[in-house]
């Protein structure tokens, strides 16, 4: 098990390295940030000074080495707009995003799993069919459409909730709902099929034949086993939360990490984009590692499977 | 499925004609799927004949008729779906947007399928370090949310349409790669592919004439499921202003620009939004149904 | 006259790691360990042994489907290389393989006749019209009715499929056909049909067979010579009548005694082998059979016996049976 985790960890590091190199390459190899930040008709000397100041005139490989050296020292560069350290800017926005992402994640789990389990238990009934259609609608609807429709209904027409900004807790409701519904739909579908597969297994019939109350059968036998494949979905869910945050924060003018990414990409603010990429990559790698560890811990088959390394003869 | 009729010769020598395989296929669709198929066909038609059916050009201004509502909400038949803040006809813009969005989605999906299949074949054929490289790339692609990668690339390579399509072409290739690699390894190790190699066939022949036709149905299903996701991705990016750029119009684009008028003229963004939702819904339903029919093992 | 196929000191070793506590130690898996035999044109050599004794590996080595660690394979006087280049591909026209699982060897999407004529297309032998004619003629002569030609593999029975695979292998008129358990997956009644078919084809086309099976009764019927394999080595080789009526090597004796037979009512005692079933990773020196051999002596544990001729037609690898001390370096000339 440890060996497995160590390998995963190393692969995670490799992914991080690749992401950063990738960010470096594309961000530096095209486009001229100087002209973008200053303006096209600034005098050439000013542009030159800007480039020198940011180290943009050294050959590419030198910039690459310098870049990693800086990273290892904790220097993530400075935002070209603000002149403040890029990572600080990024970190400052994390709480805002978390205040959306964490409730959304929980909501996703709750809605998705209960809908999925419910649908599985009432298979082929009208409830099941309704839930399936709803879930398909859920993940085929783009989050920005959902967000805007919710704003239209609840903010514009009904006036119950505010439409943008982040001053009061009511402002958070619509963004959180928007962020969670798409993922909940996917989760519901997945949970449903996992549950159906588990319920079709002989050991479930055995459990209920033993005289166990149906509720116990579901809670103690069916759900834990169905949880195993669902776990693998969690890593994916973290990723989609991040991607979703980018759009949702833009729709609701929420001052989080996602919105920062969009604006700094539009402004070609190199250091900030890199820091954000690093943050996202680290989050993803950590999430996947956790899922792998959890998976190995929960599923006894995986645990013992790792020890038998002899090749079949 | 090139032969449209099958003639089965029974042992006694009589010829029994059966129904064509195509008609059996169509007749077995449930109603909902039929509706989805019709919608998809309609959308394709719109995309292809945009120039012919749009009443106006998508950038044509009509400054006297700014922000007029659609025809059933107080507007006139001059603009069936109303106009936007510059007096441009929403219906026409919608039609052209459909064309652009579909174009992007089609080409990207095709690209991603081709790239994915080739990479999968390469991994399965050469094994060794090639396979490890491909698997690492697949992992990398699967571990980062594509939106983030796309954002980073977009800003710096610019937003011209060919580049944008190329970027979208990298979405989802890892699925095709995984599928083609897995199925090719299975075919090579124990199956028909190994037998044909043993006959002296060159690898090209084996891949094109044998392996590809056999994995086609699985691939098609995967592609059908990727397609709506590309539409969503493209419209999301266009909505953020980073995708299709003006003066060209795409579905996401329209929603983005219509956002400012959410309160005053909601139809500007509702029409394209509705279109996006219904189209992706239809293609997803079709894809699901195809999967159930062709390859239940994929679920 | 040079024999069609000559195998000399052929070996295939794999380096593996076996779990040994926490670490893994290196070991050598000797799938095939210095075997030699030859096969003349139009003859059949049967290769028998238990699962894992190296029969299939031998088949693949002979055909050049995998590279040998040692030794060489000479086909029609030429060495067979394992690299899949143009020469190798051209050689496919002379040597082919028939598999145990016919359904797996066929492409489920193509009608069987297309697959039968495919080798002609691959090697570009004539125009499409001729291809179709040849394929039809061959399939008909192998007992496949016209109504079956355009069917798909899964629409045929096991015996029919095997005939299809056979047709595909024979259409280029190869001089050697390696049959790897060709009838094991078939019903017994169908087995007899296919065996007869193989023999007819041999008479008609002069094809030589390397016939691999674990089923002794079948091998007895088709072979001109039988070689018994154990753990990667040939322990005895003899014509079938001699081998089955009077097996010499202790292993052959055990195998033959285990054959159920309607005629041997007077019970010869069945020889039951003691000891563990063979493990190709076993590393001990000496005879491969020592652990289960009732006659094992000190000599058997030290030195591995070579396959030595006992008569013009028989060879045995056993210290006890060999008349003279074994010569480790002799390459056995075993062709009759």
Angstrom value of the Kirkwood radius, inverse mean 1/r, which spans all Cα pairs in region C:1-101: 15.0 Å
Candidates B:189, B:174, B:260, ranked by Gaussian network fluctuation over chain B, Cα under 10 Å, top entry: B:189
0 to 90° range, to nearest 10: angle between helix C:128-141 axis and chain C longest Cα axis: 60 degrees
Sorted largest first, extent of region B:135-216 alpha carbons per principal axis (Å): 52, 25, 17
Compactness of region B:205-299, expressed as Rg and Dmax over alpha-carbon positions, Å: 18.0, 62
Peptide A:280-292 - average C-beta neighbours from other chains (10 Å radius): 2
For region C:193-242, diffusion coefficient by Stokes-Einstein and Kirkwood Rh (Cα), 37 °C, 0.692 mPa s, µm²/s: 277 µm²/s
Longest to shortest principal axis, alpha-carbon extents of chain B, angstrom: 75, 56, 29
Chain C: translational diffusion in µm²/s, Stokes-Einstein, Kirkwood Rh over Cα pairs, 20 °C, 1.002 mPa s: 101 µm²/s
Rounded to 10°, Cα long-axis angle of helix B:173-190 versus longest principal axis of chain B: 10 degrees
Per-residue mean of C-beta atoms belonging to partner chains within 10 Å, peptide B:136-145: 6
Under the Debye formula (equal points on every Cα, no solvent term), log10 I(q)/I(0) of region C:84-198 at q = 0.14, 0.15, 0.21 Å⁻¹: -0.54, -0.62, -1.22
Cα-based equivalent ellipsoid of region C:35-155: semi-axis lengths in Å, sorted from largest, via gyration tensor: 30, 18, 14
Helix axis angle, B:90-126 relative to chain B longest principal axis, alpha carbon, degrees: 20 degrees
Order of B:215, A:111 - criterion: other Cβ atoms within 10 Å of each residue's Cβ, fewest first: A:111, B:215
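What is the fewest-to-most order of B:129, C:149 by other Cβ atoms lying within 10 Å of their Cβ? It would help to have the intermediate numbers written out before the result.
Details: B:129 8, C:149 18.
Fewest-to-most Cβ neighbours within 10 Å comes out as B:129, C:149.
Using the count of nearby Cβ atoms within 10 Å as a rough guide to exposure, how do B:80, B:267, A:169 rank from fewest to most?
Placing the least packed residue first, the sequence is A:169, B:80, B:267.
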Average beta carbon contacts from partner chains per residue of A:143-155, 10 Å cutoff: 5
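Coordinate-derived values only; no laboratory data. These figures come from a predicted structure and were not determined experimentally. Because the Cβ atoms are built from the backbone with ideal geometry, glycine has one as well, and the counts that use them run over all protein chains shown.
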